[in-house]
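Working notes for the structure below.
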Amino acid sequence: MQGKLNCFYEDKPGAKWQQVFANSWPFYHDWFLIEGIAARPGYLTSSGELARFMPELMPIYHQLCTLAGGGDLTARYLSMYCPPPYLAACSQLAWVAHEPILIRNYDYNPDLFEGALMKTNWLQPVVGMSDCNWGLLDGVNASGLSISLAFGGKQSRGVGFGIPIIIRYLLETCHSVAQACEKLKYLPVHMAYNITMVDKYKDYSTVYVGPNQVVQITKDKAATNHQHVVEWENYALMTSSVERIDTLISCMNAPRQSEDKLLKAFRTPPLHVYKPENSFLTLYTSFYRPTYSSLQLFWGSHVLQQSIDHFTEHVYSKKQTVRFWK
């Protein structure tokens, strides 16, 4: 959608969110209708299921629908119930040898990247990378819980929510990994995903979810784009999913491992992906510190330091000079 990264702070939904929505809606409109309008559930079903499974989000949902113009189509889209498929390749690692951290690479088509890092205070303060305008790809909350997602490498689709709204819901309502795991037991998701999380208490988990399958809550620290075994071989080969998980395991087991070495690994192939022929590459690396509810973000040539307590608003272009600040 754009070659810019917009870092913005807005406690409750307002003019800033409305402008971001207006800029991205033409793309999301086409994406939402890519399979035809009949393929998307109606408003009553979509909003009703959101109210059933994530009732705490309903006041925010209604505010966003109003800001988006109050139309039927935008309300159905914002429910994120049974959306079109998402396919992204990511690597993520919870590391708790010293201070707990969550590191992740987000690999996707740069032309489809929303490019919005949001700080909000809806149900609690949250900083995260936006997707579908109010869902999150990854983030951290004021309670010291950090979460990221990766596609689970299965072609199956079912009845449930797009994963970004589930990540948002967890970060808005949970204070620990244990609480998030309990909620994931009953939240329906429309495709397979791997959710890695860590909290300030050094608890961690990777949870494997998907339609028509039992939720698997594990003590896996790392995840890429398959769930234990490869089911979609072509996708796993294209994204080097097995090679990347092997690299992450080697990193975890390396003697005298350090944060700097881990970060270097995430900024180096095979974890750092550049496959323009397949229209995806590593768009950013996130380095979350739940203890401080903070984030170090590597985007293009920029290195950003953001946190719940110290968040700087700015729009970054990949042609800009690198800016460092605290």
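When Leu271 is tested against (1) at pLDDT 95 or above; (2) touching a helix residue (DSSP H, G or I) at 6+ places or on another chain (Cβ under 7 Å); (3) more than 18 Å from Arg104 (Cα to Cα), only condition (3) is not met. Looking only at residues in the range 55-91 that are aliphatic (A, V, I, L, M) and part of a helix (DSSP H, G or I), which one is nearest to Asp11 (Cα to Cα)? The selected residue is Ile60.
A Cβ distance below 6 Å, combined with a sequence gap of six or more or placement on separate chains, defines the contacts here; from the range 299-320, residues that are loosely packed, with under 14 Cβ neighbours inside 10 Å reach residues that are at pLDDT 95 or above and among the polar types (S, T, N, Q) in the pairs Val315/Asn6.
Being in contact with a Pro (Cβ under 8 Å, 6 or more places away or on another chain), buried (at least 19 other Cβ atoms within 10 Å of the Cβ) and not aliphatic (A, V, I, L, M) is not true of Ser156. Return the residue satisfying two criteria in turn: it lies in the range 139-152 and is of a type outside the set (A, V, I, L, M, F, W, C) and touching a Cys at 6+ places or on another chain (Cβ under 9 Å), and of such residues it is surrounded by the fewest Cβ atoms within 10 Å (Cβ to Cβ). So, considering only residues that are of a type outside the set (A, V, I, L, M, F, W, C) and touching a Cys at 6+ places or on another chain (Cβ under 9 Å), the one surrounded by the fewest Cβ atoms within 10 Å (Cβ to Cβ) is Ser143.
Of the candidates Thr321, Thr312, Thr285, the single residue that is modelled with pLDDT under 95, outside any helix (DSSP H, G or I) and of a type in the set (Val, Ile, Thr) is Thr321.
For the range 238-268, a residue qualifies if it is among the basic types (Lys, Arg) and assigned to a helix (DSSP H, G or I), and the qualifying residues are Arg244, Lys261, Lys264.
Tell me whether the range 242-265 contains one or more residues that are surrounded by 15 or more Cβ atoms within 10 Å (Cβ to Cβ), more than 13 Å from Asp107 (Cα to Cα) and hydroxyl-bearing (Ser, Thr, Tyr). Yes; the residues of the range 242-265 include at least one that is surrounded by 15 or more Cβ atoms within 10 Å (Cβ to Cβ), more than 13 Å from Asp107 (Cα to Cα) and hydroxyl-bearing (Ser, Thr, Tyr). Of the residues making up the range 92-118, those that are assigned to a strand (DSSP E or B) and either out of contact with any Asp or Glu (no Cβ under 9 Å at 6 or more places or on another chain) or of a type in the set (Lys, Arg) (or both) number 6.
Scanning the range 86-101 for residues that are touching a helix residue (DSSP H, G or I) at 6+ places or on another chain (Cβ under 8 Å), surrounded by 24 or more Cβ atoms within 10 Å (Cβ to Cβ) and modelled with pLDDT of 95 or more yields Ser91, Leu93.
Among the residues of the range 269-282, those that are assigned to a helix (DSSP H, G or I) and either of a type outside the set (D, E, K, R) or under 13 Å from Cys90 (Cβ atoms) (or both) comprise Pro276, Asn278. Scanning the range 270-284 for residues that are surrounded by fewer than 16 Cβ atoms within 10 Å (Cβ to Cβ) and either touching a Leu at 6+ places or on another chain (Cβ under 7 Å) or over 14 Å from Ser241 (Cβ atoms) (or both) turns up Tyr274, Lys275, Pro276, Glu277, Ser279. Here His175 meets each of (1) in contact (Cβ under 8 Å) with a residue 60 or more places away in the chain; (2) not in a strand (DSSP E or B) with one exception, condition (1).
Looking only at residues in the range 102-125 that are among the hydroxyl-bearing types (Ser, Thr, Tyr) and at pLDDT 95 or above, the one that is nearest to Thr247 (Cα to Cα) is Tyr106. When the criteria are applied in full, Leu117 fails the requirement of being without any contact (Cβ under 8 Å) to a residue 40 or more places away in the chain, touching a Leu at 6+ places or on another chain (Cβ under 8 Å) and either closer than 17 Å to Leu171 by Cβ or surrounded by fewer than 24 Cβ atoms within 10 Å (Cβ to Cβ) (or both). The residues of the range 30-46 that are over 13 Å from Pro85 (Cβ atoms) and of a type in the set (Gly, Ala, Ser), listed by number, are Gly36, Ala38, Gly42, Ser46. Scanning the range 216-230 finds one or more residues that are at pLDDT below 95, surrounded by fewer than 22 Cβ atoms within 10 Å (Cβ to Cβ) and not in a strand (DSSP E or B). Of the residues making up the range 277-297, just one is free of Cβ contacts under 8 Å to residues at least 40 places away in the same chain and touching a Phe, Trp or Tyr at 6+ places or on another chain (Cβ under 6 Å), namely Gln296.
Against the test of being in a loop (DSSP other than H, G, I, E, B), among the polar types (S, T, N, Q) and within 19 Å of the chain's Cα centre (by Cα), the options Asn194, Asn212, Asn133 yield a single qualifying residue, Asn133.
The values are calculated or read from the model by the stated rules, or taken from the named source; none is laboratory data. All values reported here derive from a predicted model rather than from experimental measurement. As a convention, Cβ positions derive from the backbone with ideal geometry for all residues, glycine included, and neighbour counts pool all protein chains shown.
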